[in-house]
1. Looking at region A:200-214, which of its residues are touching a helix residue (DSSP H, G or I) at 6+ places or on another chain (Cβ under 7 Å) and either under 18 Å from A:M159 (Cα atoms) or without any contact (Cβ under 8 Å) to a residue 24 or more places away in the chain (or both)?
2. Counting only residues that are assigned to a strand (DSSP E or B) and among the charged types (D, E, K, R), which one in region A:1-43 is farthest from A:F185 (Cα to Cα)?
3. Looking at (1) free of Cβ contacts under 8 Å to residues at least 24 places away in the same chain; (2) part of a helix (DSSP H, G or I); (3) crowded, with 17+ Cβ neighbours inside 10 Å, which is the only condition A:P227 fails?
4. Please find, among A:R143, A:R148, A:R131, the residue that is touching a residue at least 24 places away in the same chain (Cβ under 8 Å), facing chain B (nearest Cβ under 8 Å) and within 30 Å of A:D167 (Cβ to Cβ).
5. Could you check, for region A:110-128, whether at least one of its residues is on the phi > 0 side of the Ramachandran plot, touching an Asp or Glu at 6+ places or on another chain (Cβ under 9 Å) and more than 12 Å from chain B (Cβ to nearest Cβ)?
6. Only residues that are in contact with a Lys or Arg (Cβ under 8 Å, 6 or more places away or on another chain) and among the β-branched types (V, I, T): list them for region B:109-158, please.
7. Residues B:A66, B:A108, B:A83, B:A103: which one is exposed (fewer than 12 other Cβ atoms within 10 Å of the Cβ) and under 15 Å from B:F124 (Cβ atoms)?
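The values are calculated or read from the model by the stated rules, or taken from the named source; none is laboratory data. Small disclaimer: the values here were computed from a predicted structure and weren't measured. Neighbour counts are summed over all protein chains in view; Cβ atoms, including those assigned to glycine, are modelled from backbone coordinates with ideal geometry.
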Amino acid sequence: MIEIEHITKRYGDIAVVDDVSFVVEPHTVTVIVGTSGSGKTTLLRMINRLVEPTSGTIRLDGEDNRSVPGHELRRRIGYAIQGHGLFPHRTVAQNIATVPVLLGWDEARIDARVDELLTLYQLDPAQFGPRYPHELSGGQQQRVGVARALAAEPNVLLMDEPFGALDPVIRAKAQEDLLAIQKRFGTTIILVTHDMEEAIHLGDRIAVMDEGKLIQYAAPAEILAKPATGFVETLIGTGDRPFRLLSLETVEDAIEPGKATGNAIPATATQRDALAELLWSGRRALPVAAGDGAILGRVTIDALVKRAARPAA
Amino acid sequence: MRLSLPTVLRLVALIVLVAFLARPDWFEPVFRPLTQNNAPAIYNQGSLMTLTLLHLRTVLIATVAATIVALGLAILVTRPAGAEFLPLSRSLVNIGQTFPPVAVLALAVPAVGFGEKPTLIALFLYGLLPIFENSLTGLTTLPKSVTEASRGVGMTGWQRLTRIELPLALPVILAGIRLSVVISLATATIGSTVAARTLGEVIIAGLLSNNLAFVLQGGLIVGILAVLIYDALSALERVLARRTGLSQSLTT
């Protein structure tokens with residue numbers, strides 16, 4: 001659990017982060033979203049004390065983050081940034097081993113952990129371990145950056161626009177990987193982005209920031225249904241609102257009995273994907289298939305349109 | 001490895017240089033036409049090999065000292081605690097560069113006497129600037145994401161300096177040392193005016209006795225040394241830059 005209490009950071013007279021308080025539940029993904037200059041990155045960097053707050057406290061699992069020296073705190077918190085920040089003079093394996101080496105793990109344990117993480121990210125340890133970062137593609141570099149952040153098994157992972165430099169296809173894959181890894185390790189993730197789409201896709205909770213202030217802190221569905229201010233509404237983009245709402249739930253929740261013809265859609269796909277498939281194929285209903293291929297029922301265009309409507313206040 | 005023409009030329013230059021230093025009399029016919037009145041064609045007031053080694057030693061000592069001080073200053077002023085010393089340090093090394101080495105020699109002789117010491121002082125002062133400026137550039141132009149990451153993973157200030165900043169800045173720092181070495185190789189010759197044992201002796205002896213062969217011998221040895229050392233250090237920089245993956249930004 002991360003408790004952020006009345007955190008303020010001033011540079012001169014300007015409050016970059018202004019009296020922000022919220023609580024991040026353990027084992028969840030919280031996304032801080034805002035425009036550039038909203039103070040979201042500064043807020044993130046105060047959690048691992050790359051920036052010291054002017055006032056306020058941040059507690060990690062009940063312990064004030066100022067109770068240990070900054071560098072020791074940061075070894076316990078994973079940190080991944082845009083443009084990966086890999087050390088160019090060190091191999092992939094050495095990069096991933098950075099924090100374990102600082103913590104003085106023995107060699108066998110470090111090697112095992114590096115292999116585990118590389119395998120997890122579908123990079124062959126024997127092939128990629130000895131390479132230098134500039135010999136990797138952008139997507140591979142980003143994965144190694146996250147692997148380095150996770151190397152010392154931190155409970156908390158901070159990510160500052162980690163997917164900002166990736167093309168849309170690789171970005172979608174990286175987001176899926178992140179969610180899978182979050183499930184596997186149960187890591188508490190706080191991620192900063194300016195992309196509301198990414199926030200809605202990844203976040204269990206979303207914190208919207210503007211000009212240093214926390215505007216709204218809520219689950220994605222609530223942000224979409226009840227944006228606190230016009231600014232939040234602008235961030236969501238009114239044109240995309242219904243589709244984003246649909247993207248939050250899977251087809252499974254919209255199944256109704258009945259038959260439909262044509263290719264089935266998996267029950268784990270989002271309702272947005274289902275609607276897109278319906279519109280594109282010109283059908284009124286789609287069969288829904290379970291993982292094993294059994295048909296569970298159908299999803300209709302009318303039901304999805306209803307679900308895309310603004311929830312009653 | 002395929003031998004390119006420049007590599008072959010350098011190898012030939014090295015072999016000729018070593019041969020000349022070991023057996024100067026073999027080259028007597030080459031220098032004979034440059035002398036008049038039966039003057040000796042090959043420097044005969046000491047061993048050229050010894051003078052070359054002493055010359056290199058003087059340059060080495062001065063460069064090592066200049067590197068320690070200049071790099072130390074650059075590290076100091078790039079730490080948060082030392083940032084305010086940047087203007088002062090810059091002035092100091094600039095003064096070192098502004099003073100002509102001859103003037104430094106003239107001032108240093110009364111203080112430390114004749115011989116190698118005033119030469120070392122002059123070379124040391126003269127060599128500071130390129131090393132300092134390059135170290136400063138190397139340490140302050142590291143990719144921001146890399147310095148950010150080195151803090152983010154929990155390295156202490158010392159660990160960031162020794163494990164990340166210095167290794168990454170090394171090619172640029174080395175370029176500064178290379179410039180300093182080449183300047184010192186040439187400048188060390190004037191040390192012989194205050195009785196330092198360098199290759200300047202050969203040149204000065206030639207000038208005093210109007211013996212063009214001597215002047216040319218001294219000058220050629222210094223010149224070839226400078227070219228070979230410059231190239232060797234450049235090659236080392238390229239290897240280091242390639243290893244750090246920064247070669248694209250360091251092609252100059």
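1. A:I200, A:H201, A:L202, A:G203, A:I206, A:V208, A:M209
2. The qualifying residue farthest from A:F185 (Cα to Cα) is A:R10.
3. (2)
4. Within the list A:R143, A:R148, A:R131, the selection yields A:R148.
5. Yes: one or more hits.
6. Result: B:T147, B:V153.
7. None of the others qualify; the one that does is B:A103.
Here's the yes/no breakdown for (1) surrounded by 18 or more Cβ atoms within 10 Å (Cβ to Cβ); (2) under 19 Å from the mean Cα position of the chain (by Cα); (3) within 30 Å of A:G34 (Cα to Cα):
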site: A:M209; (1), (2), (3): yes, yes, yes
site: A:A219; (1), (2), (3): no, yes, yes
site: A:E222; (1), (2), (3): no, yes, yes
site: A:K259; (1), (2), (3): no, no, no
site: A:A289; (1), (2), (3): yes, no, no
site: A:D292; (1), (2), (3): no, no, no
